[in-house]
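What follows is one structure encoded as structure tokens, with my remarks underneath.
Values quoted throughout were computed directly from the atomic coordinates according to the rules given, and no laboratory measurement underlies them. Since the structure is predicted, the reported quantities are computational estimates derived from the model, not experimental observations. Cβ: placed from backbone, ideal geometry, glycine included. Neighbour counts: every protein chain shown.
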Amino acid sequence: MDTTAGDTDSSSGSTRVLLVDDQADLAEVTGLHLENRREDFDVTLASDGETALAALAETAVDCVVSDYEMPEMDGLELLRAVKDREPSLPFILYTGRGSEEIASEAISAGVTDYLQKRTTSDQYDVLANRIENAVARRRSERAREESEGRYRTLVEASPHAILVHYGEEIVYVNDTMVRMFGFESHSQAHGTEAMSYVHPDDRDAVRERMHRVLDGREESDWIAWRLLRDDGQIREVESRGTPVVYDGQNAVQVVVRDLTEQRRRERQLAALNGAIRELAAADTRPAVAETAVDSVVTLLSDPTVAVFEDVAGSLLELAAAGVDDGVDFSSDGRGLPADSVEVAAYRAGSARTVESYDVDADRLIDGVASVFLFPLGDYGLLWVGSAGFASADRDALEILGRSVVAAFDRLAD
């Protein structure tokens, strides 16, 4: 999630959402929830109307979501300015202040949708659906303007994974589908059985849906299943089939969306919420450290993790997991080396990721490719080692780190 407006890559195939709200904390939470609910959402934050308009001038945006009450330029004024520049751009007014007068003015100004903020988490599901639907409608309208003769070009250039099959035989895949399958070329999929790429436990449901579309000639709803890649990986996906005529024969066009990262983020968010509750109940500093370590193990895949406590200026291990027996993080109990990157990060007081940690001559332990370091205020340091960190991993670890600091603050009072 981009926390400042600016240039972004417009070729990634993502749904680019510009979220405008002068309350930074609330905007950040909303952005994280949206990205966790839709893998293809790329949320950029703007704190006021002028910043939002500057962002629109610099980069492509698929949907604007704006608060109403903001200084200098409120949401309705921003709506009118956006419609002057790009009339078809979806604009959702997402506000805590609701009234018939505001709704009426927004509709008159051409608002795409109007949604009041709620205190329940399901508001983010509703907002994500409204954004997705608005963007889908706009893209659908644009697609209808294209001539039928450009259909194949659009499919081949689509960021979505698409395949076409007769019965169960695959006859076409686009480039995105080739990458999703883990193939090196299109020819690896052509002529193969579609069911061979479906997890055995999911085949009956997918086959039933497939033949319903082929025989009944009606579009299917989205169905979730597990895709078996050529390299043995399992991806969590969902697909939707549409009856088409391909080379003169009745066939099914299938759009496949990879939900693996979205599902992982959902599980990560659930684990994070549980960790925050446990930290709030921890009654000793070692208990806080153990909870933090256990939470990181749940959040990430096979991490090495430790919490270090500042004792008289030295960082001593308070809790750890994923460390081989006999390994002492704290250099024989004397604390971390004063010239280590860990101590430098703690003194600087800002989180950092250390890439290529496994080639660092001063590394604490072997076999860790990257390290994420999060200073815990004046209390110590959260140390997490892994094969690598996605941006969602770092976001989750930072939220966890702040919760650990809050728990230590509570015990210090």
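Observations
- Distance between the modelled labels on ARG85 and SER350, one decimal in nanometres: 2.9 nm (7 Å Cα→Cβ projection).
- Shape class for the stretch 166-266, computed from the alpha carbon gyration tensor (a ≥ b ≥ c): oblate, with a/c not under 1.5 and a/b at or below b/c.
- The Rg/Rh ratio of the stretch 221-276, with both radii computed over alpha carbons and Rh defined as the Kirkwood radius, is 1.20.
- Cα long-axis angle, helix 49-58 against the chain (0 to 90 degrees, to the nearest 10): 70 degrees
- log₁₀ of I(q)/I(0) at q = 0.09, 0.10, 0.20 Å⁻¹ - the stretch 78-223, Debye sum with one point per alpha carbon: -0.48, -0.58, -1.23
- Distance between the stretch 366-413 and the stretch 195-263 - C-alpha centres, whole angstrom: 40 Å
- Hull volume in cubic angstrom per residue (convex hull over the Cα atoms of the stretch 264-413): 100 Å³
- For the chain, the mean residue ellipticity at 222 nm estimated from helices alone is -12500 deg cm²/dmol, where every DSSP H run of n ≥ 4 contributes -39500 (n - 2.57) and the total is divided by all residues, rounded to the nearest 500.
- Its convex hull of Cα atoms gives the stretch 14-72 a direction-averaged projected area, equal to a quarter of the hull surface, of 3.7 nm².
- Computed over the stretch 226-332, the quotient of the alpha carbon radius of gyration and 2.2 N^0.38 Å is 1.76.
- Across all C-alpha atoms in the stretch 37-152, the radius of gyration and Dmax reach 15.0, 49 Å.
- The mean of 1/r over all pairs of different alpha-carbon atoms in the chain, once inverted, gives a Kirkwood hydrodynamic radius of 24.4 Å.
- Distribution of pairwise C-alpha distances over the stretch 339-390, 10 Å bins, in %: 28, 56, 16
- DSSP bridge pairs, the chain: antiparallel proportion in percent, nearest 5: 75 percent
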